[in-house]
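Note sheet for the following structure.
What follows is calculated from the coordinates using simple rules that are stated; it is not laboratory data. Bear in mind that the values here come from a model prediction, so they are computed numbers and not experimental data. Heads up, the Cβs are rebuilt from the backbone with ideal geometry, glycines too, and the neighbour counts pull from every protein chain shown.
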Amino acid sequence: MISAETRAGASQPATRLPDFFIVGQPKSGTTALYEMLGAHPQIFLPASKEPWFFASELHVRTPPRPEGTPRTLEEYATLFAAARDDQRVGEASPQYLWSRTAAAAIAAVQPGAQIIAIFREPVSFLRSLHAQCVQTYVETESDFARALSLEPARREGRHIPRHTYWPDRLLYSEHVKYVDQLRRFDALFPADQMLILIYDDFSTDNEGTVRRVLRFLKVDDTVPVTVREANPTVHVRSKHLNTLVHTLSVGRGPISMAVKGTVKAVVPRRLRRGALAAAKQRIVYGGEPAVDESLIADLRRRLLPEVEAFGRYIDRDLIKLWGYDGLA
C-alpha cells in the first residue's frame, strides 16, 4: 500500500498536478460532468479518466486496465504534462469519496485543490452500483437483494468472488455513509474549496449545474455547453456470457490466451475492441430488471437516518427531494 507521504515525495515535481478533483460518487453523473468540463478551452482533463492514484485501497489489487494505474507521483503527473499554463487542470476518480485515504493524500500534495462531489439518492445509487459491479465482474451475485444480504459474511472474508480485484467494493453499506465521506474532505479543505452537488439537480438542469461548476472553478461560464446524459445503468442478462467475455478480454489462462492469440492474428485491434463491445451490448446486457418495491421500501426505511443526517450536514431538505417523507 502506498502512503500519502510516499506519494508526496521529498519535493513537488516540476510538472503540473490537478487544481481540482471530481471525487465522486460513481454512477451519479461524474462521467457526463467530466466530458462537459473537458470541452471547455480553459480546462485540461486527461484522456484517461479515473487514475485512482490517491486511493491507496485500489493499489492492493489493481484492475486489468490497458492504460494501467500510476504508481508514483511522477508517473501520475505525466497525465497532465500537456496542459497549458493558462488552463485549470483536473481529474475525476469517483472512488476518492469512498476511499478512506484519498482526502489526506490529496491534501498532502495539493492543499489548495478544489473538490467537487456529487451525491445521489442512496437506494437508486446502490442499485446502479451493484449493476456496475456485476457488469465489471467485481460482483458475481446478480440478485441485488442477495448481494446486499451477503455483506456480513463478506466482512468476515466469506462469499467473496474468487477472481474479484476489488472485494471491499462489495461492502455496499460503506458507499452510502455520505456524512462520513464528506467529513474526510471537510476536515482538510476549507468550505470555499468544496462544491457539493446533488444528482437530481444535475439531471434536471444539466447545463445550469455545469455553469455553476465553471463559476466555482473561476473560468468563463458563458462558453457554449454541450449537454451530455449521464451513463445509463446496464444490467447483465447472462452471468455466464458476461464471465466468458470478461475471460476472453482480460483472462490469463491457457484457453483465454490461445483464443486471444488467434483473434489477434486475424483481427485488427480496433475491430477486436468494437466486436467485444458490440457482443456485450447485444448479448450480455439487458434492460433493467423489475423493481422489488418491498425491498426498495425497506432499504429506504433503513437509510432514512443517513438521509436525515446528510440533509442536516449540507443544510438541504433531502427527505422531501428524495421522497423519504412518504415512508410508512
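Rounded, prolate or oblate for the range 15-112? Axes are the square roots of the Cα gyration tensor eigenvalues, ordered a ≥ b ≥ c, and the cut-off for rounded is a/c under 1.5.
Since a/c stays below 1.5, the shape of the range 15-112 is classed as rounded.
Just subtract the alpha-carbon distance of residue 293 and residue 35 from 0.36 nm times their residue separation and send over the number in nm, one decimal.
89.5 nm
Extension gain residue 74-residue 145, at 0.36 nm per residue separation less the Cα-Cα distance, in nm?
Full extension from residue 74 to residue 145 adds 21.3 nm.
Using modelled backbone amide H atoms (1.01 Å from N, in-plane), which distant-in-sequence or interchain residues come within less than 5 Å of residue 114's amide H?
20, 21
Just to be sure I understand the model, the point goes 7 Å from the Cα along the line to the Cβ. What's the resulting residue 192 to residue 65 distance in nm?
About 3.3 nm, to one decimal.
Which order do peptides 113-119, 192-198 fall in by mean Cβ count within 10 Å, highest first?
Ranked by mean Cβ neighbours within 10 Å, highest first: 113-119, 192-198.
If packing is taken as the mean number of other Cβ atoms within 10 Å per residue, what is the order of 15-22, 91-98, highest first?
Top to bottom by mean Cβ count within 10 Å: 91-98, 15-22.
With 21 Å as the limit, write out which pairs from 177/320; 27/177; 218/320 have Cα-Cα distances beyond it, or answer none.
218/320
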